[in-house]
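The values are calculated or read from the model by the stated rules, or taken from the named source; none is laboratory data. Model, not experiment: these values are computed from the prediction. Using ideal geometry, Cβ is built from the backbone for each residue, glycine included, and neighbour counts are taken over all protein chains shown.
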Amino acid sequence: MSKGGSRSRKAPQKPAPEPTSAGDEKTAPEMPLTKERQMELYDRAMRLFHAGELAEAIDAFEAVLTGPSKEIAQAARLHQAACRKRLASREVVLVSPSEHYDYAVALINQRELDRALEHLEQALAGAQNGDHIHYALALCYGLKQDFDRAAAHLRRAIELNPRNRITARNDPDFQPLLERAGIRELLEAERKGSE
């Protein structure tokens, strides 16, 4: 290779930095966060906070803390603490079977049936002869269209407390379930025996 040929070759260039989008909260490490950018990040975090996206807001407020304005950083810290407190208060800590049962009844009323079943099963694990728990399980399974399980739990609720038969007959939530033969037979068994 001649010297002339080597002079015409270009030196390898450094790759160009990847472009960042306007909404990207990451800043290049060599570029300090300006007060304006800190305020933009804070505004974004506040939008997440007001939208109830608390976990995301905590992370967004974290990016604000490195900015030059101590006032904005302090406001971000306070809002982070508020997010953490709200998230912690959302976590329900239930210990006793009655707490699980009460919570499950509230969930049934809101028609959050899968979550209600989880809590009823936990209640049942601690109080296997709780007729009220079997009754609630019967209703919950019935509302989920699992009529075999509904009938099994209703049968057990009636065995434990025969008054559950009358309660179920008069319970508006049970009325649609009366169309099912297995459940209807359980609730009419006393009537047939007394005739």
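Here are a few things to note about the model shown:
- Every condition in (1) among the aliphatic types (A, V, I, L, M); (2) over 30 Å from Glu121 (Cβ atoms); (3) modelled with pLDDT under 90; (4) surrounded by 10 or more Cβ atoms within 10 Å (Cβ to Cβ) is met by Ala55 except one, and the failing one is (2).
- Leu177 being modelled with pLDDT of 95 or more, out of contact with any strand residue (DSSP E or B) (no Cβ under 8 Å at 6 or more places or on another chain) and buried (at least 23 other Cβ atoms within 10 Å of the Cβ): no
- In segment 149-164, of all residues being farther than 16 Å from Leu178 by Cβ and more than 27 Å from the chain's Cα centre (by Cα), the one that is surrounded by the most Cβ atoms within 10 Å (Cβ to Cβ) corresponds to Arg156.
- The lone criterion from (1) surrounded by fewer than 16 Cβ atoms within 10 Å (Cβ to Cβ); (2) modelled with pLDDT of 90 or more; (3) touching a helix residue (DSSP H, G or I) at 6+ places or on another chain (Cβ under 7 Å); (4) of a type in the set (Val, Ile, Thr) left unmet by Val64 is number (1).
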